[in-house]
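The values are calculated or read from the model by the stated rules, or taken from the named source; none is laboratory data. Model, not experiment: these values are computed from the prediction. All Cβ positions, glycine included, derive from the backbone under ideal geometry; neighbour counts span all protein chains shown.
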Amino acid sequence: AQSVAQPEDQVNVAEGNPLTVKCTYSVSGNPYLFWYVQYPNRGLQFLLKYITGDNLVKGSYGFEAEFNKSQTSFHLKKPSALVSDSALYFCAVRDPGGYQKVTFGIGTKLQVIP
Amino acid sequence: SQTIHQWPATLVQPVGSPLSLECTVEGTSNPNLYWYRQAAGRGLQLLFYSVGIGQISSEVPQNLSASRPQDRQFILSSKKLLLSDSGFYLCAWRAGLAGFYEQYFGPGTRLTVT
């Protein structure tokens, strides 16, 4: 069975500093990996995905993520945090053989401090 | 461009009452459709998914049901609500063609069962 772990319940970072939100996964075979962001009382917004190819993927709003197969990780990063980046971030994984089911992590709350 | 709608935005219902939440997608054909529930503002639980009209798969046995009467319409229902049905319900779609991987979420419906 596929699973996702987001080990940090909350991440605090000062505005202008780099940020990292961690994600590790477990899946049989090569994974499809995703990051989504959720603002309060809103639906999730797609940020970026890794399907195949370059391990560093770039997404919306200046975010990027690095796929590391040996460490089974897919950490979300941004070089310079903005206060408006404060939100709930979800990592998700899909087994290529599992046609429909995407497993989401429990979410990490990012707080950017002015 | 594609748009996903959900209504109502908020709903307060007494225990034992029926439920009907509606989701519609515009700007695409034959999408894969999903219902999720988010409890306590964190992790997402997949409830149902559909790959076509009348085709519904259930992930979690409970007192909820789903229907897809039209290509771009997905309905979540219950005959008798329980207190535990309270939560934030999210509808999502994904292009039904090969090579499309990410899901796009609606704005959500916040359901409070009293």
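Of the residues in the stretch A:68-107, how many are in a loop (DSSP other than H, G, I, E, B) and either of a type outside the set (S, T, Y) or facing another protein chain (nearest Cβ under 10 Å) (or both)?
Of all residues in the stretch A:68-107, those in a loop (DSSP other than H, G, I, E, B) come to A:69-72, A:79-82, A:86, A:95-102, A:105-107.
Filter once more, so that each one left must be either of a type outside the set (S, T, Y) or facing another protein chain (nearest Cβ under 10 Å) (or both): A:69, A:71, A:79, A:81-82, A:95-102, A:105-107.
The number of residues fulfilling the criteria is 16.
Which number in (1) surrounded by 13 or more Cβ atoms within 10 Å (Cβ to Cβ); (2) more than 24 Å from A:Y39 (Cα to Cα); (3) more than 12 Å from chain A (Cβ to nearest Cβ); (4) among the small types (G, A, S) marks the one condition that B:S29 misses?
For B:S29, the exception is condition (1).
Which condition from (1) at pLDDT 95 or above; (2) surrounded by 14 or more Cβ atoms within 10 Å (Cβ to Cβ); (3) farther than 30 Å from B:T112 by Cβ is the one that A:P7 breaks?
For A:P7, the failing item is (2).
Which residue, of B:Y49, B:Y89, is facing chain A (nearest Cβ under 8 Å) and either outside any loop (DSSP other than H, G, I, E, B) or within 14 Å of B:L11 (Cα to Cα) (or both)? Steps first, answer last, please.
On the way: B:Y89 fails: facing chain A (nearest Cβ under 8 Å).
Criteria check complete, one pass: B:Y49.
Please work out which residue is surrounded by the fewest Cβ atoms within 10 Å (Cβ to Cβ), limiting yourself to the stretch A:25-43 and to residues that are touching a Pro at 6+ places or on another chain (Cβ under 9 Å) and touching a residue at least 24 places away in the same chain (Cβ under 8 Å).
A:G29
Starting from the stretch B:78-100, keep only residues that are surrounded by fewer than 21 Cβ atoms within 10 Å (Cβ to Cβ), then list their pairs with residues that are of a type in the set (S, T, Y) whose Cβ atoms are within a distance under 6 Å, requiring at least 6 positions of separation or different chains.
Final answer for the pair search is B:S86/B:T112.
So which residues in the stretch A:37-67 are in contact with an Asp or Glu (Cβ under 9 Å, 6 or more places away or on another chain) and facing chain B (nearest Cβ under 8 Å), if there are any at all?
Result: A:F46, A:K49.
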